[in-house]
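Accompanying notes for the structure given below.
The values are calculated or read from the model by the stated rules, or taken from the named source; none is laboratory data. Treat the numbers as computed from the prediction; the structure is a model and nothing was measured. Cβ: placed from backbone, ideal geometry, glycine included. Neighbour counts: every protein chain shown. The accessibility values were calculated without ligands, DNA or RNA, using every heavy atom of the protein model including side chains. Shrake-Rupley method; radii C 1.70, N 1.55, O 1.52, S 1.80 Å.
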Amino acid sequence: MLGLMQDWPLLCHRIIDHAAAYHVEREVVTRSVEGPIHRTNYREIRTRALKLAQCLDRYGLRQGQRAATLAWNSWRHMEVWYAIAGIGAVYHTVNPRLFPDQIVYILNHAEDRLLFADISFIGLLESLQDKLPAIESFIILTDREHMPETALRNAVCYEDWLAEADGDFAWVALDERAAAGMCYTSGTTGDPKGVVYSHRSNVLHAMAVNVPDMAGLSAMDRVLPAVPMFHANGWSIPFSAPLVGAALVMPGPRMDGEAIHDLLENEKVTFTDGVPTVWQMLLQYMEESGKSLSHLKRIAIGGAACPQAMARTFELEFGVPV
């Protein structure tokens, strides 16, 4: 005998649908690559993700095919994730900090058809594009005002592309076990190794991160994901935060101590996460400037072992549990 409660597959687009319906105007703040602070909300992210999904469908990107991203944490990067997964294709986050030869290997091995890139990576991609025969178009994550001249083949301005769509599009029906995203790690012997995440695994991960003994996020939180989205799905924060309606504060390309402290304070961030290197820069900045932390309630440190001295400093000097 089967139950009679809601029975639908665990798909990534369900998360942004939920956030847009029940946390309509919850902020998503980004220090943009172009410089200014940009503000949007979950409803607008969903609307724009549907427009992009429509563009991708018209382009001919099909279920199971890969589209890469070479981008920092931003509202546009989130839109790309949800749009690609929402048509049944696979978003492939590429770590720009890898060696160029590794990036070439990864993109070719994944057979990505499209590559979404921030303007800060155009020079790198121009130097590599002749080694990337599978990539048909480069979509530059910016607007017409900031779109640079580039030698990239079939370069498209992201905002211009979105303007061609009306968003009258329905997410594709999928098996929850379908691939949603992938990334490669270089922390192994030999060539980088790929990992493929399913829609189901992403949704379950998002739910697990939000329990009290993990990040314990809620609609009362304002979250700064200092871990990049190209590191293991950004530790799920782009899914976990909208799932509960927590506001997001995206740091973009600036990860120095002053920039992070500025966002933590001015945007009243209550939770943040990242690797020890980021927090070492933050602690050094606060020591040199005499600044403190007014709103932060907890911090998650991972990716490498957290030094005990770092944990003690946050907890004893600033009252922030690690």
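Checking the stated criteria, Ser127 turns out to be at pLDDT 95 or above, surrounded by fewer than 22 Cβ atoms within 10 Å (Cβ to Cβ) and of a type in the set (Ser, Thr, Tyr).
Listed here are the residues, each with its yes/no results for (1) under 16 Å from the mean Cα position of the chain (by Cα); (2) within 16 Å of Thr69 (Cα to Cα); (3) among the hydrophobic types (A, V, I, L, M, F, W, C).
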| position | (1), (2), (3) |
| --- | --- |
| Ala151 | no, no, yes |
| Asp168 | no, no, no |
| Leu174 | no, no, yes |
| Thr189 | no, no, no |
| Val195 | no, yes, yes |
| Met214 | no, no, yes |
| Ser218 | no, no, no |
| Ala232 | yes, yes, yes |
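Comparison of His205, His231 shows that the only residue that is in contact (Cβ under 8 Å) with a residue 60 or more places away in the chain and more than 27 Å from Glu317 (Cβ to Cβ) is His231.
The residues listed here are Arg62, Arg14, Arg39, Arg58; of these, the one that is under 22 Å from Glu145 (Cα atoms), open to solvent by 20 Å² or more (accessible area, probe 1.4 Å), at pLDDT 95 or above and not acidic (Asp, Glu) is Arg39. The single residue among Glu25, Glu44 that is farther than 17 Å from Thr142 by Cβ, modelled with pLDDT under 95, of a type in the set (D, E, K, R) and surrounded by fewer than 20 Cβ atoms within 10 Å (Cβ to Cβ) turns out to be Glu25.
Restricting the range 215-224 to residues that are part of a loop (DSSP other than H, G, I, E, B) and touching a helix residue (DSSP H, G or I) at 6+ places or on another chain (Cβ under 6 Å), which is nearest to Trp235 (Cα to Cα)? Full working, then the answer.
Just the residues of the range 215-224 that are part of a loop (DSSP other than H, G, I, E, B), to begin with: 215-221.
Still in the list and also touching a helix residue (DSSP H, G or I) at 6+ places or on another chain (Cβ under 6 Å): 215, 217-219.
Details: Ala215: 10, Leu217: 13, Ser218: 16, Ala219: 18 Å.
Among those residues, the one meeting the criterion is Ala215.
For Val80, the test of being among the β-branched types (Val, Ile, Thr), part of a helix (DSSP H, G or I) and farther than 28 Å from Asp175 by Cα is failed.
Results for (1) in contact with a Lys or Arg (Cβ under 8 Å, 6 or more places away or on another chain); (2) among the β-branched types (Val, Ile, Thr), shown as yes or no for each residue.
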| position | (1), (2) |
| --- | --- |
| Asp17 | yes, no |
| Tyr42 | yes, no |
| Thr47 | no, yes |
| Lys51 | no, no |
| Arg62 | no, no |
| Leu70 | no, no |
| Glu79 | yes, no |
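May I ask you to verify whether Glu111 is open to solvent by 20 Å² or more (accessible area, probe 1.4 Å) and closer than 24 Å to Arg200 by Cα? When the stated conditions are applied, Glu111 passes them.
Quick check on Phe239: is it of a type in the set (Phe, Trp, Tyr), closer than 27 Å to Leu115 by Cα and not in a helix (DSSP H, G or I)? Please lay out each step first, then the result.
Values: of a type in the set (Phe, Trp, Tyr): yes; closer than 27 Å to Leu115 by Cα: yes; not in a helix (DSSP H, G or I): no.
Here the answer is no, as Phe239 does not meet what is asked.
Scanning the range 225-240 for residues that are open to solvent by less than 10 Å² (accessible area, probe 1.4 Å) and either in contact with a helix residue (DSSP H, G or I) (Cβ under 8 Å, 6 or more places away or on another chain) or polar (S, T, N, Q) (or both) returns Pro225, Ala226, Val227, Met229, Asn233, Ser236, Ile237, Pro238, Phe239, Ser240. From the list Tyr105, Tyr197, Tyr158, Tyr184, the lone residue that is without any contact (Cβ under 8 Å) to a residue 40 or more places away in the chain and either hydroxyl-bearing (Ser, Thr, Tyr) or open to solvent by less than 20 Å² (accessible area, probe 1.4 Å) (or both) is Tyr197.
Have a look at Ala246, Ala232, Ala219 and point out the one that is farther than 23 Å from Lys297 by Cβ and small (Gly, Ala, Ser).
Ala232
Within the range 246-265, identify whether any single residue is open to solvent by 10 Å² or more (accessible area, probe 1.4 Å), in contact (Cβ under 8 Å) with a residue 24 or more places away in the chain, closer than 22 Å to Leu10 by Cα and within 14 Å of the chain's Cα centre (by Cα), and answer yes or no.
In the first step, residues of the range 246-265 are kept if they are open to solvent by 10 Å² or more (accessible area, probe 1.4 Å); the result is 253-256, 258, 261-262, 265.
Next, only the ones that are in contact (Cβ under 8 Å) with a residue 24 or more places away in the chain stay: 253-256, 258, 261, 265.
This time we only want the ones that are closer than 22 Å to Leu10 by Cα, so: none.
So far as the range 246-265 goes, no, none of its residues is open to solvent by 10 Å² or more (accessible area, probe 1.4 Å), in contact (Cβ under 8 Å) with a residue 24 or more places away in the chain, closer than 22 Å to Leu10 by Cα and within 14 Å of the chain's Cα centre (by Cα).
Within the range 140-155, work out how many residues are within 18 Å of Gly252 (Cβ to Cβ), surrounded by 18 or more Cβ atoms within 10 Å (Cβ to Cβ) and not polar (S, T, N, Q).
Residues of the range 140-155 that are within 18 Å of Gly252 (Cβ to Cβ), as a first pass: 140-143, 145-148.
In the following step, the residues that additionally are surrounded by 18 or more Cβ atoms within 10 Å (Cβ to Cβ) were identified as 140-142.
Within this subset, residues satisfying the condition of being not polar (S, T, N, Q) are 140-141.
So the answer is 2.
Checked against (1) in a loop (DSSP other than H, G, I, E, B); (2) out of contact with any strand residue (DSSP E or B) (no Cβ under 9 Å at 6 or more places or on another chain), Val227 passes all but condition (2). When restricted to residues that are under 19 Å from Val244 (Cβ atoms), small (Gly, Ala, Ser) and touching a Ser or Thr at 6+ places or on another chain (Cβ under 6 Å), the range 158-216 contains 1.
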